[in-house]
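Okay, so here's the structure we're looking at.
The values are calculated or read from the model by the stated rules, or taken from the named source; none is laboratory data. Source: prediction; values computed, not measured. Ideal geometry is used to build each Cβ from the backbone, glycine not excepted, and the neighbour counts take in all protein chains shown.
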Amino acid sequence: MTVRARRLVSVGHSYVVALNRRLPHEIARVSGGGWEVTAVAPRFVRAELRNIALEAGQDEACTLEAVGMRLSGHLHIASFDFHLREILRGNWDMVHIFQDAYILPAFQPAYWTPSNVPFVFFANQNLVKNYLPPFSWMERYCVNRCAGWIGCGETVLEALKQKGYGRKPHRRIGYGVDTATFRPDKGMGERIRQQLGWDGSAPVIAFLGRFTPEKGIALLTSALSRLRVPWRALFIGNGPMRGHLDEWSGGFAAQVRIVNVRHDEVPAYLNAADILCAPSQTAPNWREQFGRMIIEAFATGNAVVGSNSGEIPYVIGDAGLVVPENDEIAWVQALERLLSDAALRNDFGQRGRTRALEHFAWPVIARAHIDFFEELLAGAVRNSAGAGIGSG
């Protein structure tokens, strides 16, 4: 007897970038034909740094559907066109909404999903926020109607349970990392160091991400200025604090490099580093929600030191150092400890690589999603004569 493959449609504005469709691709691949997966992406998005037309992927295991999106530069009120409604009327077993519940691009697919089809949404918000209408209405609708939800971290679960989300089935499933692309490669790292004009006489500290106050740029530059052991620093990214970095680095011309590279070049630059810093700083309306740069550094074999902002301690676990976010002296001490001890750096690098493979590799993340979807569907069968999925 042939068992019909289950059908999943996953909707997300970020799927306009091919790299961001890795989750639906991996779900289709890991399921071995057990799930047929369609990813729905906007044809065009106005992003913060650039305008993006829908990118084609290579060898994607999922089917790609394009829809229009209005006001894409304003995510809270961006809207999909009615082609998405037509897609959602298909014969789906599960709808996956890769958006937070309180914004219009989540409410639309939730509202357009037929009442007999379960849907799951993804949550990043790790602060307890009470939104004004209509965003509070959209959030309430999505939570009330969903079969379940996925939070990217422990702090997300903690915050959203306080808002009543906890009455619905939920899972903590983080982001994934490509452990084949992000991998230790000494030759690759040596080539980048040569391009930067560096030899191997001093360990390299890396920062990867947006150059913004909440990412801890000011704290990191201040701590680096106080180090009493040999060091070099590589800042990978861009953002509004680029001017601060340019001015500060003038006093350390031989020790500091600032680069803005494509994402496919990031593994090479991380291999040129020995230590990754994630000095995120909690703000009144923000704390670190995950920290994808950490799992990319783990996979590359870097030693990692991060602040205790938001989700960072949970992501790092026992595979790196966690430092109080506002304690500059503690940051100086942690960096000097790692810079002075190659064996400790190597130990943390190995632990990080193992943690990436066991907890954050894409096949692991995809399997966790499949297991959750199948549990929800099994619950729907058991509860079909009662109130349905997610009641109570």
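Summary of computed values
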quantity: Any chance ALA66 is assigned to a strand (DSSP E or B), of a type in the set (Gly, Ala, Ser) and surrounded by 23 or more Cβ atoms within 10 Å (Cβ to Cβ); calculated: no
quantity: Residue count, region 73-97 (criterion: in contact with a helix residue (DSSP H, G or I) (Cβ under 7 Å, 6 or more places away or on another chain) and either within 21 Å of ALA159 (Cα to Cα) or part of a loop (DSSP other than H, G, I, E, B) (or both)); calculated: 4
quantity: Inter-residue pairs, beta-carbon under 8 Å, first without any contact (Cβ under 8 Å) to a residue 24 or more places away in the chain and in region 1-26, second part of a helix (DSSP H, G or I), 6+ apart; calculated: ASN20/SER14
quantity: The lone exception for LEU344 - which of (1) closer than 25 Å to ASN238 by Cα; (2) hydrophobic (A, V, I, L, M, F, W, C); (3) touching a residue at least 40 places away in the same chain (Cβ under 8 Å) it fails; calculated: (1)
quantity: Close pairs from region 55-82: first under 14 Å from ARG43 (Cα atoms), partner among the acidic types (Asp, Glu) and at pLDDT below 95, Cβ under 9 Å, at least 6 apart; calculated: GLY73/GLU48
quantity: Residue in region 229-279 that is modelled with the lowest pLDDT, counting only those that are over 16 Å from GLY209 (Cβ atoms) and under 23 Å from the mean Cα position of the chain (by Cα); calculated: ASP264
quantity: VAL117 vs. criteria under 27 Å from ARG85 (Cβ atoms), touching a strand residue (DSSP E or B) at 6+ places or on another chain (Cβ under 9 Å) and part of a loop (DSSP other than H, G, I, E, B); calculated: yes
quantity: Which listed residue is crowded, with 22+ Cβ neighbours inside 10 Å and part of a loop (DSSP other than H, G, I, E, B), from ALA101, ALA106, ALA110; calculated: ALA101
quantity: Subset of region 163-209 [within 20 Å of GLY291 (Cα to Cα), of a type in the set (Lys, Arg) and either touching a strand residue (DSSP E or B) at 6+ places or on another chain (Cβ under 6 Å) or assigned to a helix (DSSP H, G or I) (or both)]; calculated: ARG171, ARG172
quantity: Flag if ALA218 is assigned by TED's automatic domain parsing to the domain that holds GLU190, over 21 Å from LEU335 (Cα atoms), in contact (Cβ under 8 Å) with a residue 12 or more places away in the chain and surrounded by fewer than 21 Cβ atoms within 10 Å (Cβ to Cβ); calculated: no
quantity: Residue within region 54-62 that is farther than 13 Å from VAL17 by Cβ and part of a strand (DSSP E or B) present; calculated: no
quantity: In region 72-93, the residues that are modelled with pLDDT under 95 and among the hydrophobic types (A, V, I, L, M, F, W, C); calculated: LEU75
quantity: Residue list for region 281-315, filter: without any contact (Cβ under 8 Å) to a residue 24 or more places away in the chain and touching a helix residue (DSSP H, G or I) at 6+ places or on another chain (Cβ under 8 Å); calculated: none
quantity: One residue from GLU288, GLU296 being part of a helix (DSSP H, G or I) and either surrounded by 24 or more Cβ atoms within 10 Å (Cβ to Cβ) or not assigned by TED's automatic domain parsing to the domain that holds GLN125 (or both); calculated: GLU296
quantity: Residue satisfying condition, being under 21 Å from the mean Cα position of the chain (by Cα), within 17 Å of GLY174 (Cβ to Cβ) and at pLDDT 95 or above, within set GLY349, GLY306, GLY301; calculated: GLY306
quantity: Any hit, region 125-148, residues being aromatic (Phe, Trp, Tyr) and under 22 Å from PRO24 (Cβ atoms); calculated: no
